[in-house]
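Each value in this text was obtained by applying a stated rule to the coordinates, not by laboratory testing. If you're wondering where the values come from, they're calculated on a predicted model, not measured in any experiment. Glycine gets a Cβ as well: all are built from the backbone with ideal geometry, and neighbour counts include every protein chain shown.
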Amino acid sequence: MNFWDIVLIVVNFGILSRVMLVNGKTKRWAAFASVIAFSLVIVQLIAVGFRWQMVPAYLSPVILIMYYQFAGRKKSSKSWISISFKTMMLIIYLSVAVALPSLLPVISFEKPTGPFTVGTTLYHWVDQKRDEPNTKDPNDRRELMVQIWYPAEETGEGKRAPYIRNINEIAEGLEKALSIPAFAFSQLGLVKSHAYEEARLSNSESRYPVLLFSHGFSGFRNQNTFEVESLASQGYIVLGIDHSFDAAATVYPDGRIAYLQSIDLNDFAKSDRHIELWKKDVAFVLDQVEKLNQSDEADLFTGRIDTSRIGMFGHSYGGATAAQMLAEDSRIKAAINMDGTLYGSVFPDSGIGKPFLLMSADNSEESDEDSNEDFDEDSQEVEARDKRALAGGGMSMVIPHTNHMSFTDFSLFSPLLRSNGENPRQVHRIINEFSLAFFDRYVKQIDDGSTLSKLAAKYPEVDFQVN
């Protein structure tokens, strides 16, 4: 809960408790208490905005007035039975009022720690050379929405970008993917990012290196805002790709929506084949980056992108895509896979041959009930693929008390999505620090690798290894 949520609940439930359990039925006190209670609701709505999780708290002034009316018509009993009953009802009411906004809060992101302000802009790119395999119209071409975060000039009174544009569509897609009702994500529409819309690119450096981000299957381009903003603040141009029809939802400028379409990721062969689509998406975006550097209609990036220094990172299926692109596209110099099974072409026994970091969740808490024959076979295949990818100098790290969602913003959405003992802020700091050190070493080439070693010592709980 945020500050205004807490103030509203503490004060209004304090008033309710005094009225119901002590003494507060004078007309003067009734008027004063009602004004305070309603005023706090109005202040909270203005400061934060309406959300359904706060409805029990919003209703507290109504309950207060109803109690005044009821108590004024009959003599109030002060027996221990009456007081016990009122206390129990208050505790239940307060528990509901606190639980809902605590389990589904309006999240906030830590301010990026880099020296740059962060700007952001959005592009709609159409690959005229590729058909759209997910639609029936043979004239449809593959369309992608790509958001860019970048080092910006000081913005002054510039407008901060929303965390998620088109929250209703994204929430509907997440409902299909996670089987969680769409309204449970509605509060994310109130969240602001730390990036400023259409801010000017900083003139501190003549050209900036590039990082591409690929979301997980059923995710979306903003799902790692904690990370992309941090990297942009450190002097990187970061591009987040919506893989249309595999993202929760992609909304095009004309209002058309590409919702998530199902695919069985438990089928290795099918997942290996499907990743070809994502690889072609990334290759197309790389082509667009080169064109953007040559001539940007918005005049943001013309001549300011260092296309000789490009890295990539991704979560889950996007992490697998990053590894594949690292192996196959000479433009990608280094890549990070965040807890992604390595679908796609099998790497040689000698490894990828380029800087690669595999971040993994802590699987020690998995239930023994998962130990069946099919699971064991899949696990063996996953381990074999990881071993080949890491051969010849690849790096790996396991962060304790994490699960698959820990490598995204999702762990902030609700405590119910976290692993036992997980501190999502701390996990995100670890991810950001290791990501920055890795890309500074192998993309910017401004570090000799000592920072990674220092981080391994700083976080001894992280199992960091160089193969």
Taking placed amide H atoms and a strict 5 Å upper bound, the residues 5 or more places from D463 or on another chain that come that close are V398
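Before rounding to the nearest 500, sum -39500 (n - 2.57) across all DSSP H runs of length at least 4 in the chain and divide by the residue total; then give [θ] at 222 nm in deg cm²/dmol. Can you show the working numbers first?
Values: 13 runs with 185 residues, N = 467.
One gets -13000 deg cm²/dmol as the mean residue ellipticity at 222 nm.
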Using square roots of five times the C-alpha gyration tensor eigenvalues, list the equivalent-ellipsoid semi-axes of the range 171-256 in whole Å, biggest first. 28, 14, 12
Helix 80-103: inclination vs the chain longest Cα principal axis, degrees, rounded to 10, gives 20
Over all directions, what mean area does the Cα convex hull of the chain project, stated in square nanometres? 27.5
Rel. contact order, % - alpha carbon contacts under 8 angstrom, at least six apart, the chain: 12
What does the charge dipole of the chain about its Cα centre add up to, to the nearest 20 debye, if the Cβ of each Lys and Arg holds +1 and the Cβ of each Asp and Glu holds -1? 3180
Taking +1 at the Cβ of each Lys and Arg and -1 at the Cβ of each Asp and Glu, which of I81, G119, N134 sits farthest along the dipole of the range 1-135 towards its positive end, judged by Cα position relative to the Cα centre? I81
Binning at 10 angstrom from zero up to the longest distance, how are the C-alpha pair distances of the range 263-318 distributed in percent? 20, 38, 25, 15, 3
Net length gained if the chain between A457 and R160 were fully extended (0.36 nm per residue, minus Cα distance): 103.3 nm
If I model a spin label at D254 and T113 as a point 7 Å from the Cα along the Cα→Cβ vector, what separation in nanometres do I get? 4.6
In sequence order, what are the phi-derived ³J(HN,Hα) couplings for the range 454-462 according to the Karplus relation 6.51 cos²θ - 1.76 cosθ + 1.60 with θ = phi - 60°, rounded to whole Hz, with x for glycine and proline? 5, 5, 4, 6, 5, 10, x, 6, 7
With +1 assigned to the C-beta of every Lys and Arg and -1 to the C-beta of every Asp and Glu, and no other charges, what is the dipole magnitude of the range 375-443 about the Cα centre in debye, to the nearest 20? 340
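About the Cα centre, and with charges only on the beta carbon of Lys, Arg (+1) and Asp, Glu (-1), how big is the dipole of the range 218-370? Nearest 20 debye, please. Don't jump to the answer; show the numbers that get you there.
Values: 12 positive and 26 negative charges, 160 e Å.
With Lys and Arg at +1 and Asp and Glu at -1, about 760 debye.
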Of V41, A31, P56, whose Cα points farthest to the positive end of the dipole of the range 3-103 (charges on the beta-carbon: +1 Lys, Arg; -1 Asp, Glu; origin at the Cα centre)? A31
Below 8 Å, C-alpha to C-alpha, sequence gap of six or more: please give me the relative contact order for the range 57-195 in percent. 24
Angle in degrees between helix 317-328 and the longest Cα principal axis of the chain, rounded to the nearest 10: 20
Here FRET efficiency (C-beta to C-beta, E383 to V466, R₀ 25 Å, nearest 0.05) is 0.85
Does a label point 7 Å from the Cα of E297, set along Cα-to-beta-carbon, have any residues of the range 111-136 with amide nitrogen under 13 Å, and which are they? 122-126
Step by step: find N for the range 373-467, compute 2.2 N^0.38 Å, then divide the Cα radius of gyration by it. What's the final number? 1.23
Convex hull of Cα atoms in the range 3-103, direction-averaged projection (nm²): 6.2
